[in-house]
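Participant: Take this structure first; my questions come after.
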Amino acid sequence: MNWPAAQNEAIKHLAMKQFSIFIKKEFTHVLRDRKTLLILFGMPVVQILIFGFALTNEVKNARIAILDQANDPASHQLITKIAASKYFETEQAVMNRRQMEDAFKRGSIRLAVIFPANFNNELLHQHNAGIQVIADASDPNNATTLTSYVTAIIQDYLAALNKTGQTPYRISPEIRMLYNPQLKGASNFVPGVMALVLMLVCVMMTAVSIVKEKETGTMEILLVSSFKPLLVIASKAVPYLMLSLVNVASILLLSVFVLDLPVNGNVFLLFAESTLFIITCLTLGIFISVKTSSQQVAMLISLMGMLLPTILFSGFMFPIENMPVALQLISNIIPAKWYYIIVKAIMIKGSGFNAIWKETLILSGITVFLLIVSLKSFKIRLS
Amino acid sequence: MNEPVIKTNKLTKRFGGFIAADEITFTVDQGEIFGFLGANGAGKTTAMRMLCGLSIPSSGQATIAGFDVYKQTEQIKKNIGYMSQKFSLYEDLTILENIRFFGGIYGLSDRQLKTKSEELIDKLGLQNEAKKLVASLPLGWKQKLSFSVAILHEPKIVFLDEPTGGVDPVTRRQFWDLIYNAADNGVTIFVTTHYMDEAEYCNRISIMVDGKIKALDSPANLKASFGVGSMDEVFYELARGAKRSD
């Protein structure tokens, strides 16, 4: 008989049993506490309803693309005018339609202006030319603001042109709102609320529930028992991961059935990315719990240190493009920013993984970093 | 003669330049009630954490239930129970849920858990409260329950860190009845306390001053050798020379 192998088996079996007992206990804690339950499941609903307000904001230096099929004097003059505007940063002057669509999906441009082939002729001889303006309306406020800037520039150009002639020249812009033709505000704040709610639930609740065990002394009992310290942490994380996925599902159901905002991309991809973000938040919560020793401090750090930057820097309320460069750089270390971009891409633009792999990679990097740092400090505390 | 269940030899813990426990050497026999006394900051908790496998010693040797504190912390953890000075059960779980949870964590089987929890509830006379939240129990009961949970898995040694803080004398007396009962069943009790009347209940006590053990004997012998009438005076004689306190 292979005795050590049998013993290893028994130890593994015991660890699994302890793990499941612990997870059951965590669920009992959560489900028994009405206040926690209310925060957990009431908050997403309330926030979805509260954030229905549209937020107006001026946009500067928006990246745009210009597709010049005319390539004639009139189109050149107008392009120069657009490029000179402080509102726009011309990303690429010449591209084809295909490239333009890709750029929209990637989110590298917010707006595109398309000149038809015989722009100059139509304008000079027929006194009426068409022009197409396409905007990424997944952020509806942004899109309306940008299109109105473009039409203003066109009107300006016409006014100069009409000074000389007798018959007035006209350019009729055909405006298209991509992804969100009805300019529903919801498309903007649903991904934001998802990031916020997950951040709150995962970071604060994990941190508080671990610190609570330290505060009441039960953590010591657990550490003295044969239960592995790492399992303590894992058992704390698993219930919140599951509850958070329930939250993601409920927000999506609200958005589809109450706000009429469908999920255009792959739902499984959306859940996979959400799981990644939840794990990021859980590690943040664990990190806070390792570094603090009272529930109040843990709660305060979670609220001030995590929630505020999430609101400020995720791009959900305040456009990051308008911030000073220093703040734009800071926004890069906020996990919610990347998650917000990912959710917007999947939900509204219907993008696939190839459009968001970069954001996914950054988010994974942040998670691994946090995980290593918190496990390291957890070990130090035990020695 | 049995091997001692706790054996330390020059056990030391340093935190940087600060020596929290300085060459502690003592033995504790099976079934003994061993009092571990000392003023605040004398190094009691540090020493106890090393013995429980929560803290790695800087130097010296120690074995707990025959297992080495450096290499065999996992085996040590299986053979000890621990009750901290903070009351440490889950207030938002019922008495039964607490017993089942800790029993499960200590590795009891489902059948053992069932009989053990029934036994325990009978012994403490908590039949009517078993399904109530622990938060609703008076402190004295919580502490008795906490102790009973700490010995649920029949450990060889149980470590009690100031178990009776803030409890009235009658409840304290009842608590010590539980301790005697456990010791009679062969469980070794390692207890820290600030109450000198409790020190009198111990078989032997050690008194730590500034990280060192300054006295170690039965209460009667200690009183005789210091020529005083009470443990209070013995403690005062030793502790007033301390440089460390908080």
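The values are calculated or read from the model by the stated rules, or taken from the named source; none is laboratory data. In this text, all values refer to a predicted model and were calculated from it rather than measured experimentally. Reconstructed Cβ throughout: ideal geometry from the backbone, glycine too, with neighbour counts over all protein chains shown.
Participant: Give the residue, chosen from A:Glu213, A:Glu273, that is among the acidic types (Asp, Glu) and away from chain B (no Cβ under 14 Å).
Facilitator: Numbers: A:Glu213 fails: away from chain B (no Cβ under 14 Å).
Of the residues listed, the single one that is among the acidic types (Asp, Glu) and away from chain B (no Cβ under 14 Å) is A:Glu273.
Participant: Keeping to the range B:82-95, report how many residues are within 12 Å of chain A (Cβ to nearest Cβ) and either in contact with a Lys or Arg (Cβ under 9 Å, 6 or more places away or on another chain) or basic (Lys, Arg) (or both). Even if it seems obvious, please write down each step before you answer.
Facilitator: At the first step, the residues of the range B:82-95 found to be within 12 Å of chain A (Cβ to nearest Cβ) are B:82-94.
Subsequent filtering for residues that are either in contact with a Lys or Arg (Cβ under 9 Å, 6 or more places away or on another chain) or basic (Lys, Arg) (or both) retains B:86-87, B:89-94.
Residues flagged as within 12 Å of chain A (Cβ to nearest Cβ) and either in contact with a Lys or Arg (Cβ under 9 Å, 6 or more places away or on another chain) or basic (Lys, Arg) (or both) within the range B:82-95 amount to 8.
Participant: May I ask you to list the residues in the range B:87-112 that are without any contact (Cβ under 8 Å) to a residue 24 or more places away in the chain and surrounded by fewer than 20 Cβ atoms within 10 Å (Cβ to Cβ)? Explain how you work it out, then say what you get.
Facilitator: Initial filter on the range B:87-112 (without any contact (Cβ under 8 Å) to a residue 24 or more places away in the chain): B:97, B:100-101, B:104-105, B:109-112.
Of everything in the range B:87-112, those that are without any contact (Cβ under 8 Å) to a residue 24 or more places away in the chain and surrounded by fewer than 20 Cβ atoms within 10 Å (Cβ to Cβ) turn out to be B:Ser109, B:Asp110, B:Arg111, B:Gln112.
Participant: Then there's this: Exactly one of (1) on the phi < 0 side of the Ramachandran plot; (2) modelled with pLDDT under 90; (3) outside any helix (DSSP H, G or I) is unmet by B:Gly35. Its number?
Facilitator: (2)
Participant: Which condition does B:Asn203 not pass, out of (1) modelled with pLDDT of 90 or more; (2) buried (at least 19 other Cβ atoms within 10 Å of the Cβ), if it passes all the others?
Facilitator: For B:Asn203, the failing item is (2).
Participant: Any idea which of (1) more than 13 Å from B:Phe34 (Cα to Cα); (2) in contact (Cβ under 8 Å) with a residue 12 or more places away in the chain; (3) among the acidic types (Asp, Glu) is the one B:Glu200 doesn't satisfy?
Facilitator: Unmet condition: (1).
Participant: Considering every residue within the range A:272-285, establish whether at least one is surrounded by fewer than 22 Cβ atoms within 10 Å (Cβ to Cβ), over 13 Å from the mean Cα position of the chain (by Cα), modelled with pLDDT of 85 or more and not polar (S, T, N, Q).
Facilitator: Yes, the range A:272-285 contains at least one residue that is surrounded by fewer than 22 Cβ atoms within 10 Å (Cβ to Cβ), over 13 Å from the mean Cα position of the chain (by Cα), modelled with pLDDT of 85 or more and not polar (S, T, N, Q).
Participant: Further question: Output the residues belonging to the range A:327-383 that are away from chain B (no Cβ under 14 Å) and charged (D, E, K, R).
Facilitator: Residues satisfying the conditions are A:Lys337, A:Lys344, A:Lys349, A:Lys358, A:Glu359, A:Lys376.
Participant: Show the residue pairs that are 6+ apart or on different chains and have beta-carbon atoms under 7 Å apart, the first residue being within the range A:35-49 and closer than 23 Å to A:Ser209 by Cα and among the basic types (Lys, Arg), the second being in a helix (DSSP H, G or I) and modelled with pLDDT of 80 or more.
Facilitator: Here the result reads none, with nothing in the range A:35-49 linked to a residue that is in a helix (DSSP H, G or I) and modelled with pLDDT of 80 or more.
Participant: Moving on. If B:Thr164 meets every condition in (1) at pLDDT below 85; (2) surrounded by 19 or more Cβ atoms within 10 Å (Cβ to Cβ); (3) over 14 Å from B:Ile33 (Cβ atoms); (4) of a type outside the set (D, E, K, R) apart from one, which number is that one?
Facilitator: (3)
Participant: Just give me the residues in the range B:203-234 being among the charged types (D, E, K, R), in contact (Cβ under 8 Å) with a residue 12 or more places away in the chain and assigned to a helix (DSSP H, G or I), in sequence order. Before the answer, list the steps.
Facilitator: Pass one, the range B:203-234, residues among the charged types (D, E, K, R): B:204, B:210, B:212, B:214, B:217, B:223, B:232-233.
In the following step, the residues that additionally are in contact (Cβ under 8 Å) with a residue 12 or more places away in the chain were identified as B:204, B:210, B:212, B:214, B:217, B:232.
Within the range B:203-234, just B:Asp232 meets the criteria.
Participant: Check every one of the helices (runs of 4 or more DSSP H) wholly within the range A:272-362 and list those with 2 or more residues that are closer than 23 Å to A:Val232 by Cα. Quick ask: steps written out before the conclusion?
Facilitator: Values: elements: A:295-300, A:308-313, A:325-331, A:335-344.
Once the helices (runs of 4 or more DSSP H) in the range A:272-362 are filtered for at least 2 residues that are closer than 23 Å to A:Val232 by Cα, what remains is A:295-300.
Participant: Okay, next question. When you check A:Phe41 against the structure, is it of a type in the set (Phe, Trp, Tyr), at the interface with chain B (Cβ under 10 Å from one of its Cβ atoms), part of a helix (DSSP H, G or I) and surrounded by 14 or more Cβ atoms within 10 Å (Cβ to Cβ), yes or no? It would help to see each step written out before you state the result.
Facilitator: Working: of a type in the set (Phe, Trp, Tyr): yes; at the interface with chain B (Cβ under 10 Å from one of its Cβ atoms): no; part of a helix (DSSP H, G or I): yes; surrounded by 14 or more Cβ atoms within 10 Å (Cβ to Cβ): yes.
For A:Phe41, the condition - of a type in the set (Phe, Trp, Tyr), at the interface with chain B (Cβ under 10 Å from one of its Cβ atoms), part of a helix (DSSP H, G or I) and surrounded by 14 or more Cβ atoms within 10 Å (Cβ to Cβ) - is not met.
Participant: Next question, about the same structure. Which of the numbered conditions does B:Gly66 fail, given that it passes all the others? Conditions: (1) within 10 Å of chain A (Cβ to nearest Cβ); (2) touching a residue at least 60 places away in the same chain (Cβ under 8 Å); (3) farther than 25 Å from A:Phe378 by Cβ.
Facilitator: Going through the list (1) within 10 Å of chain A (Cβ to nearest Cβ); (2) touching a residue at least 60 places away in the same chain (Cβ under 8 Å); (3) farther than 25 Å from A:Phe378 by Cβ, B:Gly66 breaks only (1).
Participant: Further question on the same structure: Name the single residue that is surrounded by the fewest Cβ atoms within 10 Å (Cβ to Cβ) among those in the range B:69-79 being within 7 Å of chain A (Cβ to nearest Cβ) and modelled with pLDDT of 85 or more.
Facilitator: B:Lys78
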